[in-house]
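A short worksheet on the structure shown next.
The values are calculated or read from the model by the stated rules, or taken from the named source; none is laboratory data. As the structure is a computational prediction, the values presented were derived from the model and not from experiment. Please note: Cβ atoms are built from the backbone with ideal geometry, for glycine as well, and neighbour counts cover all protein chains shown. Please note that ligands, DNA and RNA were not included when accessible areas were found on the heavy atoms of the full protein model with its side chains. Shrake-Rupley method; radii C 1.70, N 1.55, O 1.52, S 1.80 Å.
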Amino acid sequence: MRGCCFPVTFDRSPRGSFRLVRNSSFELSKRGGRRENQRGPVVVCFGEMMVNLVPTVEGVSLGDALAYEKSPAGATANVAVGISRLGCSAAFIGKVGKDEFGYMLSDILKQNGVDNSGLLFDENARTGLVFYQIKSDGEHEFMFYRNPSADMLLRPAEIDMKLIKKAAVFHYGSVSLIKEPCKSAHLAAMNVAKMCGSVLSYAPNIALPLWPSPEAARETIMGIWNYADIIKVSEEEVRFLTQGDDPYDDKVIMKKLYHCNLKLLLVTEGAQGCRFYTKDFKGKVSGFEVEAVDTTGAGDSFTSGFLSIVAAHKQIYKDERRLREALDFANACGAVTVTGRGAIPSLPSKDAVLRILLSY
Ligand code: ADP
């Protein structure tokens, strides 16, 4: 299958044994799975890219920290890099400041093989910053510098709609819905993608400190719910969106989060793996047992793995067996990511994912 990202087909008898049954596009390359001339249909990711600043010493509060280490942040950008690292085509649309941090983020996309032609530079606003730490009492501390940052100033007229028209999959989150003009840009891009027949993939991220109130977050996130073909949420997000309902109750999921246009709803459960819901069937795919070091980026890595397959198999939600295989692959992506520190540095190559799949 030319351009197919689906890496391998296997049977998974009870956890612990994989049997390769077909080997269509299975190819371990020495360069981490990247095959430049055969990268297949493009996944276009839309959203924000910021610089994350984390104290060099764990556990100290942001105010007490003496030094910070910088890293790229932004869920949909992580997904774009993840897809590219798996050997598939990805592009990113967003805006950064015309400053050193903006250039750095743009270079990170490029170095990772992501088409960064849709990343714009704003002359008048800085690249967004987020200082982040988990304090010794386990509390998460955030300090955002977005008053406004360049990502929030992306306007509908600035978007390269030609890039969106090429998208087999158009993937987005919800931080880009918080403020205008970026919200209108997001909606315009989403509408074009929908009209062009792209699969619309939505992975809302709650990021409460960025919203005026939890109610505003819930209402806006749910406001675009019915557009998506595929939605991925974590258990924590289910709890928030359903206002505290049990995220394991299938009736809650189907009643409150499933909608008539939706093809597939995915609920990730950390180390446990994920659940899937379509209008015809539902089920669970177990995760992989690994030694977790840092869970940052696990959900984005999972999404990358799954979308890299959807790009070439748009109807995968109709076939339960193939869907389970794809979710196994996605779980393996998430598992590899938690074994390393940081999101982008820990996004796996196809070889790394296959190693974990074959070792079970
Ligand atoms: P998010 O990062 O969006 O909160 P999850 O924590 O549910 O999402 O993780 C996403 C996926 O990453 C899971 O479905 C699973 O496949 C994988 N994963 C996450 N944590 C672990 C872990 N500790 N061990 C193995 N796999 C994990």
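Tabulated values for the structure
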| read-out | value |
| --- | --- |
| Answer from LEU307, LEU323, LEU327 - the residue that is buried (at least 16 other Cβ atoms within 10 Å of the Cβ) and away from the ligand (no atom under 14 Å from the Cβ) | LEU323 |
| Selection within segment 224-271 - under 23 Å from ARG324 (Cβ atoms), among the aromatic types (Phe, Trp, Tyr) and away from the ligand (no atom under 16 Å from the Cβ) | TYR258 |
| Among (1) at positive phi; (2) touching a Ser or Thr at 6+ places or on another chain (Cβ under 6 Å), the one test that ASN116 misses | (1) |
| Subset of segment 66-86 that is in a loop (DSSP other than H, G, I, E, B) and not small (Gly, Ala, Ser) - its residue that is least open to solvent (accessible area, probe 1.4 Å) | LEU86 |
| Of residues in segment 203-216 being part of a helix (DSSP H, G or I) and either of a type in the set (D, E, K, R) or within 16 Å of the ligand (Cβ to nearest atom) (or both), the one farthest from ILE309 (Cα to Cα) | GLU215 |
| Looking only at segment 170-205, and only at residues there that are under 14 Å from GLY47 (Cα atoms) and among the β-branched types (Val, Ile, Thr), the one that is surrounded by the fewest Cβ atoms within 10 Å (Cβ to Cβ) | ILE178 |
| Selected residue (criterion: farthest from the ligand (Cβ to nearest atom)) from residues of segment 272-291 that are surrounded by 16 or more Cβ atoms within 10 Å (Cβ to Cβ) and of a type in the set (S, T, N, Q) | THR278 |
| Residue match in segment 349-359 (condition: open to solvent by less than 10 Å² (accessible area, probe 1.4 Å), of a type in the set (A, V, I, L, M), in contact with a Cys (Cβ under 8 Å, 6 or more places away or on another chain) and free of Cβ contacts under 8 Å to residues at least 60 places away in the same chain) | no |
| Of all residues making up segment 233-251, the number that are at negative phi and open to solvent by 20 Å² or more (accessible area, probe 1.4 Å) | 12 |
| Flag if THR337 is touching a residue at least 12 places away in the same chain (Cβ under 8 Å), of a type in the set (S, T, N, Q), within 11 Å of the ligand (Cβ to nearest atom) and in contact with a Pro (Cβ under 7 Å, 6 or more places away or on another chain) | yes |
| Residue that is farthest from THR76 (Cα to Cα) [pool: residues in segment 292-301 that are open to solvent by 10 Å² or more (accessible area, probe 1.4 Å) and either within 8 Å of the ligand (Cβ to nearest atom) or modelled with pLDDT of 95 or more (or both)] | ALA292 |
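Condition check ((1) modelled with pLDDT under 95; (2) out of contact with any Phe, Trp or Tyr (no Cβ under 8 Å at 6 or more places or on another chain); (3) of a type outside the set (Val, Ile, Thr)) across all residues:
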| site | (1), (2), (3) |
| --- | --- |
| PHE26 | yes, yes, yes |
| LYS30 | yes, yes, yes |
| GLY33 | yes, yes, yes |
| GLU36 | yes, yes, yes |
| ARG39 | yes, yes, yes |
| VAL44 | no, no, no |
| GLU48 | no, yes, yes |
| LEU53 | no, no, yes |
| GLY59 | yes, yes, yes |
